[in-house]
Amino acid sequence: RRSARAAADADWLAIGARTFRLPGIYGPGRSPLDRVRQGKAHRIEQPGQVFSRAHVDDIVSGVIAGFDAPAGAYNLADDVPASQNDVVAFAAMLLGMPAPPFVTLEALSAMGRGFYNENRRVANGKAKRVLGWAPAWPDYRAGLRALSAMTRPMPDSTAPATAKVDQ
């Protein structure tokens with residue numbers, strides 16, 4: 001899959017297009033918060049492994065910033081690559097839930113092992129310099145806090161007492 005993507009990227013760049021390379025995408029309805037809530041999140045025993053990520057709104061703002069940009073490839077990622085373990089543990093903490101247990105790499109499918117055996121660290125400096133773009137959520141903590149605030153259930157409240165006299 002990676003070589004097919006690289007070939008497609010090269011073909012577009014050869015004709016003077018702008019391409020936007022995207023890391024792991026998260027946002028409303030698709031985030032570690034959702035996976036932790038659903039009991040589908042896991043942490044992998046893989047020291048040193050990190051991924052870059054981007055909030056969907058940051059991707060949108062980066063693509064819009066690129067409408068009039070010079071041809072080239074632009075990486076739209078946040079500023080802080082992090083391990084899946086740290087991200088999932090932080091999501092669980094925001095939800096007031098325990099972090100899910102660790103899973104060994106061997107317990108994953110062949111595709112999962114291949115995915116977690118690689119580091120996917122992406123530099124966004126060119127997008128910042130050329131597009132004048134910066135992620136609104138510069139790291140997963142800021143992005144997950146914003147999502148948590150958006151999706152947190154509203155507390156129950158009681159209606160105020162009726163006024164006794166005309167005011």
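If you take the residues in the stretch 91-120 that are small (Gly, Ala, Ser) and not in a helix (DSSP H, G or I), which one is farthest from Asp78 (Cα to Cα)? So the residue we want is Ser109.
Here Arg121 qualifies as among the basic types (Lys, Arg), over 15 Å from Leu144 (Cβ atoms) and in contact (Cβ under 8 Å) with a residue 12 or more places away in the chain.
When Val88 is tested against the conditions (1) hydrophobic (A, V, I, L, M, F, W, C); (2) part of a loop (DSSP other than H, G, I, E, B); (3) at pLDDT 95 or above, the lone failure is (2). For Asp79, the stated conditions hold: it is of a type in the set (Asp, Glu) and in contact (Cβ under 8 Å) with a residue 60 or more places away in the chain. Within the stretch 38-56, one or more residues are touching a Gly at 6+ places or on another chain (Cβ under 9 Å), closer than 15 Å to Phe90 by Cα and either part of a helix (DSSP H, G or I) or basic (Lys, Arg) (or both).
The values are calculated or read from the model by the stated rules, or taken from the named source; none is laboratory data. Keep in mind the model is a prediction, meaning the values are calculated, not measured. Backbone-built Cβ (ideal geometry, glycine too); neighbour counts: all protein chains shown.
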